[in-house]
């Protein structure tokens with residue numbers, strides 16, 4: 001049974017329709033990444049799931065419990081979910097231990113039990129000995145950990161993470177992300193991670209859902225959304241992409257920069273999408289399908305992004321290091337990967 | 001099976017929605033009552049004025065005496081605002097940007113005059129120079145009394161300007177004055193305006209200083225009409241003129257605030273590393289401060305203390321103690337009523353933006369410019385019809401609460417707005433209902449600010465004179481009325497002990513409010529950010 005099921009959800013804020021007939025579901029223990037540019041409605045969706053916003057239409061179900069039916073909404077304090085907003089939002093007047101224990105109902109748990117859970121959580125986030133620190137005395141990464149512990153302490157069926165790592169620098173971000181995802185997996189918790197970082201979404205999630213303008217336009221495993229995007233938009237949304245003009249031919253083949261030998265008539269015009277790592281370059285000009293000139297090399301250490309000019313068409317190619325290409329060199333360029341053709345929309 | 005589940009949850013959800021609506025309507029109702037209470041004075045004045053024939057009202061408004069008083073009031077307000085803005089901005093900038101010895105402590109002489117009510121200040125100067133009187137004397141007294149408001153508000157604004165911006169401006173080739181004009185001033189003009197607003201409202205509603213100095217402003221006219229048992233409707237008409245005048249001032253301030261950049265999250269920056277180290281500037285700032293402190297603090301204290309000791313034998317200690325205690329009690333009572341009245345609005349505004357909350361806040365904020373004499377006049381007339389309430393300390397305390405409700409609401413809503421929404425959301429997802437969120441998260445975070453606001457209301461109520469004169473029960477005296485009645489008949493020695501006690505009690509919260517030991521946000525900063 002799915003652990004979260006959203007169907008035909010509409011949310012209007014002010015006069016603007018923020019979520020537009022959105023449907024989405026998630027199985028127990030799955031981690032989903034909501035990926036999209038700012039303003040596409042990611043946070044609104046999360047807040048609707050948390051019961052912090054009143055939808056105008058649609059239903060939200062946790063397991064077999066209906067929590068939201070049109071504008072009838074189960075208030076957030078009865079939903080028992082873990083919510084980690086941007087930058088953590090720790091209670092500034094409480095120390096670390098009090099923050100973590102905040103959601104533990106004293107009429108249900110004994111003092112000892114609360115202390116024990118708090119200690120378990122501190123072990124989990126590896127902040128033993130920080131019980132009495134105030135939030136202002138913690139680093140950004142530590143604050144995020146405490147916010148997560150606070151959410152997990154109530155053993156929620158669902159955890160909602162709203163760009164929890166956005167305030168951190170790159171290295172800390174990757175480390176903490178790995179820790180957090182491991183933690184969620186260890187507890188078999190269903191979770192939704194909101195992010196606008198494509199890499200973060202692909203690395204962390206079982207399901208990547210791409211959002212645009214209040215709708216989910218594609219969802220699937222990270223591999224699926226990356227390698228078989230359903231449109232130009234989702235292709236660009238999930239990773240670096242080269243977009244080349246192309247045409248579908250009568251014999252079923254696709255004519256584009258690396259395959260100009262096709263004959264016959266064009267059936268429809270469109271574009272193809274190539275991932276930068278699917279292009280190879282070498283010095284053997286004799287076998288070349290295309291010859292290009294190296295214009296620019298952005299060197300990153302483990303790999304490099306090389307800009308190649310093929311008779312006016314500029315391509316960015318990802319080359320693993322080490323290599324010895326130099327600026328101004330003429331190279332042979334090959335395409336080794338799937339041909340993803342998307343027909344242009346016909347303008348009426 | 002699915003349908004039954006749906007039906008059950010539908011019932012549960014509907015019940016929840018009903019509960020939430022019930023809580024909300026109770027809150028809305030409470031807020032509506034408070035807004036209605038806040039409208040009592042204006043409502044009374046409108047009703048009372050309307051009992052007068054239109055012809056008579058017109059005659060009253062255009063008679064030379066009214067026009068003359070209006071002109072005097074305008075000239076006084078303009079002069080005081082000009083003097084305080086020029087001096088206040090200069091002093092605040094000096095304190096903020098110039099490298100001075102013991103910078104933090106230098107702010108004490110700049111804010112201490114807040115503890116000295118204008119009438120005490122006036123009386124010490126008259127005791128020193130018996131001929132001290134007239135328009136320019138009033139400009140001097142009121143400027144010195146209100147200068148701390150402008151200094152504190154400007155300082156609060158300057159602290160929100162990132163020092164790095166100034167360094168960028170300098171590196172782009174701007175001189176110090178150019179940097180101030182083009183980078184600093186546009187960012188702090190809203191704060192300066194807030195300080196100027198406080199100075200203007202103080203001047204408009206001041207009764208003690210101007211009447212001791214024989215300057216007739218609208219406030220004095222109303223008080224005189226009331227005391228001469230002159231036609232109450234006429235007093236009501238002049239009160240409406242006074243309210244119109246205050247409203248113009250409040251609107252002018254809102255206009256300036258609209259033009260200044262909207263402050264989202266206020267950060268407080270340190271200027272430690274970019275202080276100006278020029279000898280003439282340091283000299284100028286310290287000299288100006290010293291002169292101000294001498295005029296505004298040293299002289300009054302000198303007069304009070306020397307008068308106090310000159311007739312120590314004649315002091316009635318029992319009477320002094322009784323008056324002090326009753327002053328503290330009635331002022332504290334008023335502050336607590338104000339706190340209670342502003343709480344439902346606070347909870348409502350902390351929850352979410354609601355239309356009724358917004359309107360209630362606006363109604364109450366208008367009361368910000370309501371002079372004591374107007375509230376006094378309204379309540380004394382209504383109270384005389386209520387019998388049991390008339391001539392009670394409760395009515396007096398209630399008058400204080402109405403007078404300073406805007407202050408209380410402003411401090412409450414700005415303290416509450418410091419509680420981030422995300423924090424409330426988290427508490428709610430962790431199983432806290434609306435009330436628990438307020439109790440366990442919102443209140444603890446906002447409490448220090450609200451407490452400080454309540455202390456400020458208490459302090460202001462303790463010094464209040466015109467409404468107290470009208471509403472106090474027969475035989476009931478506060479420190480303010482004792483000082484007033486002694487000073488009005490030139491018995492300076494008798495007033496001294498009361499004045500000294502009042503100033504000393506007021507000095508404690510004044511110190512707390514400015515907290516020179518902390519460069520953190522002050523109450524004045526909260527006032528400067530008070531709701532639009």
Residue A:34 passes all but one of the listed conditions (1) modelled with pLDDT of 85 or more; (2) within 8 Å of chain B (Cβ to nearest Cβ); (3) in contact with a strand residue (DSSP E or B) (Cβ under 8 Å, 6 or more places away or on another chain); the exception is number (2)
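So if I check each of A:50, A:27, which one is more than 8 Å from chain B (Cβ to nearest Cβ) and touching a residue at least 60 places away in the same chain (Cβ under 8 Å)?
Just a single option satisfies the conditions, and that option is A:27.
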Residues of the range B:40-54 satisfying the condition of being assigned to a helix (DSSP H, G or I) and more than 30 Å from the chain's Cα centre (by Cα): B:50, B:54
Have a look at A:2, A:76 and point out the one that is closer than 26 Å to residue A:237 by Cβ and either within 14 Å of chain B (Cβ to nearest Cβ) or under 24 Å from the mean Cα position of the chain (by Cα) (or both). A:2
Residue B:508, sole failed condition from (1) away from chain A (no Cβ under 14 Å); (2) surrounded by fewer than 20 Cβ atoms within 10 Å (Cβ to Cβ); (3) modelled with pLDDT of 85 or more; (4) within 25 Å of the chain's Cα centre (by Cα): (3)
Scan the range A:81-95 residue by residue and report those that are out of contact with any strand residue (DSSP E or B) (no Cβ under 8 Å at 6 or more places or on another chain) and more than 7 Å from chain B (Cβ to nearest Cβ). A:87, A:88, A:90, A:94, A:95
Is it true that some residue in the range B:486-496 is under 27 Å from residue B:379 (Cα atoms), part of a helix (DSSP H, G or I) and touching a residue at least 60 places away in the same chain (Cβ under 8 Å)? yes
Which residues, taken from the range B:370-402, are under 21 Å from residue B:225 (Cα atoms) and within 22 Å of the chain's Cα centre (by Cα)? B:370, B:371, B:372, B:373, B:374, B:375, B:376, B:377, B:378, B:379, B:396, B:399
Answer from B:463, B:439 - the residue that is buried (at least 21 other Cβ atoms within 10 Å of the Cβ) and more than 8 Å from chain A (Cβ to nearest Cβ): B:463
Based on what the data block shows, is residue B:390 outside any helix (DSSP H, G or I) and more than 14 Å from every other protein chain (Cβ to nearest Cβ)? yes
By my count, strands (runs of 3 or more DSSP E) wholly in the range A:31-112 with at least 1 residues that are over 25 Å from residue A:126 (Cα atoms) are A:31-35, A:57-62, A:65-69
Expected output for the range B:1-29 (first residue within 11 Å of chain A (Cβ to nearest Cβ), partner in a helix (DSSP H, G or I) and modelled with pLDDT of 75 or more, Cβ below 7 Å, 6+ apart or cross-chain) is B:23/B:434
Being more than 8 Å from every other protein chain (Cβ to nearest Cβ), surrounded by 21 or more Cβ atoms within 10 Å (Cβ to Cβ) and farther than 21 Å from residue A:155 by Cα narrows B:408, B:417 down to just B:408
Which residues, taken from the range B:55-78, are surrounded by fewer than 15 Cβ atoms within 10 Å (Cβ to Cβ), over 23 Å from the mean Cα position of the chain (by Cα) and in a helix (DSSP H, G or I)? B:55, B:56, B:58, B:59, B:61, B:62, B:64, B:65, B:67, B:68, B:71
Condition met for residue A:105 (facing chain B (nearest Cβ under 8 Å) and surrounded by fewer than 18 Cβ atoms within 10 Å (Cβ to Cβ)): yes
Somewhere in the range B:344-352, is a residue farther than 30 Å from residue B:466 by Cβ, within 14 Å of chain A (Cβ to nearest Cβ) and either surrounded by 22 or more Cβ atoms within 10 Å (Cβ to Cβ) or over 19 Å from the mean Cα position of the chain (by Cα) (or both)? yes
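The values are calculated or read from the model by the stated rules, or taken from the named source; none is laboratory data. Please read these numbers as outputs of a predicted model, since none were measured by experiment. When we count neighbours, we look across all protein chains shown, and the Cβ atoms used for this are built from the backbone with ideal geometry, even at glycine.
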